[in-house]
Amino acid sequence: MAADIETTAELRATVMRADLERLGRYDDQRVRQRLRDSFSPRYTSIIMLGRELAGCVTVRPAEGRQWLEHFYLAPHCQGRGLGSAVLRTVLERTDAQGLTVGLNVLQGSGARRLYERHEFVVEAQDEVDVFMMRPPGAMADTKA
């Protein structure tokens, strides 16, 4: 599992670098250590395309909701619908369980558009993070 942690930490550093640099918060060691400190194999799914690592996503219970964390796709896998497909699968599961999903995304990150398309709304924000949530069944509510 240590190999998974290091591979995922490297993926996180690659994916988050541009946004963290834009915010003046990129630190080569810290970006990896933050994942190591909070990595939860029990709640993490590794996303593969064939035999290639495409990304990962963690969904863990906390504070009365499910937290979507460490959702990273390798740059060459972005913009192809994979993120939406993974997120749709996660949300179908949480909807079936009647669970609210929370997350945070960096200010100015393009990932925010993905979350908004899937009915996440802003709960709070600061100069670095935007905290979003989605109640269970939000997609069904918008289709009715």
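The values are calculated or read from the model by the stated rules, or taken from the named source; none is laboratory data. Not measured: the values here are computed from a predicted model. Note that we place each Cβ from the backbone using ideal geometry, even for glycine, and neighbour counts take in every protein chain shown. Note: accessible area is taken over every heavy atom of the protein model, side chains too, but ligands, DNA and RNA are not part of it. Shrake-Rupley method; radii C 1.70, N 1.55, O 1.52, S 1.80 Å.
Just want to confirm a number: the relative contact order over the range 45-96, from Cα pairs under 8 angstrom separated by 6+ residues, in percent.
This gives 24 percent for the range 45-96.
Kindly express, to the nearest 10 degrees and within the range 0 to 90, the angle between helix 82-96's C-alpha long axis and the longest C-alpha principal axis of the chain.
50
Please give the length that would be gained between Glu63 and Ser45 if that part of the chain were fully extended, namely 0.36 nm times their separation in residues minus their C-alpha to C-alpha distance (nm, one decimal).
That works out to 4.4 nm of additional length.
If you filter the range 3-80 for chymotrypsin sites (Phe, Trp or Tyr not before Pro), then keep DSSP loop positions with at most 12 other Cβ within 10 Å, what is left?
Answer in residue order: no site qualifies.
Evaluate the relative contact order of the chain (contact order divided by residue number), counting alpha-carbon pairs under 8 angstrom at least 6 apart; express in whole percent.
In percent, rounded to a whole number, it is 18.
Expressed as a whole percentage, what fraction of the accessible surface of the chain belongs to carbon and sulfur atoms when a 1.4 Å probe is rolled over the protein heavy atoms?
Carbon and sulfur: 48 percent of the exposed surface of the chain.
Just the accessible area for Asp19, please: 1.4 Å probe, Å², rounded to the nearest 10?
Ignoring ligands and nucleic acids, Asp19 comes out at about 30 Å².
Given a 1.4 Å probe, how much area per residue of the range 10-56 is accessible, in Å²?
64
Net charge within 13 Å of Val130 by Cβ-Cβ distance, Lys/Arg positive one each and Asp/Glu negative one each, not counting Val130 itself?
Once all neighbours under 13 Å are counted, the net charge is -4.
For the chain, the longest stretch holding no GluC sites (Glu not before Pro) located in a DSSP loop with at most 15 other Cβ atoms within 10 Å is which?
Free of exposed loop sites, the longest segment is 64-126.
Which residue fluctuates most in the GNM of the chain (Cα springs below 10 Å): Thr89, Thr58, Thr44?
Taking springs between Cα atoms under 10 Å, the residue moving most is Thr89.
Given contacts defined as C-alpha pairs under 8 Å and at least six residues apart, what's the relative contact order of the range 52-134, whole-number percent?
Relative contact order, the range 52-134: 24 percent.
I'd like the orientation of helix 2-22 relative to the chain: the angle between its Cα long axis and the longest Cα principal axis, in ° from 0 to 90, rounded to 10.
80
What number, rounded to the nearest 500 deg cm²/dmol, is the helix-based mean residue ellipticity at 222 nm of the chain, given -39500 (n - 2.57) per DSSP H run of at least four residues and division by all its residues?
Counting only the DSSP helices, I get -12500 deg cm²/dmol.
Please name whichever of Gly50, Ala62, Ala74 sits farthest to the positive end of the charge dipole of the range 15-144, dipole taken about the Cα centre and charges placed at Cβ: Lys and Arg +1, Asp and Glu -1.
Gly50
Over the chain, how many percent of alpha carbon pairs lie in each 10 Å bin up to the one with the longest distance?
All Cα pairs, binned at 10 Å, distribute as 11, 41, 39, 9, 0 percent.
Are there any trypsin sites (Lys or Arg not before Pro) in the range 5-72 that are in a DSSP loop and have at most 11 other Cβ atoms within 10 Å? List them by number.
Those that pass, being in a loop and sparsely packed, are Arg51.
Amide H neighbours of Gly137 under 5 Å, counting only residues 5+ apart in sequence or on other chains, H built in-plane at 1.01 Å?
Asp95
Evaluate the distance, in nm, between pseudo-label points positioned 7 Å from the Cα of Ser38 and of Arg22 along their respective Cα→Cβ axes.
Label-label distance for Ser38 and Arg22, simple model: 2.0 nm.
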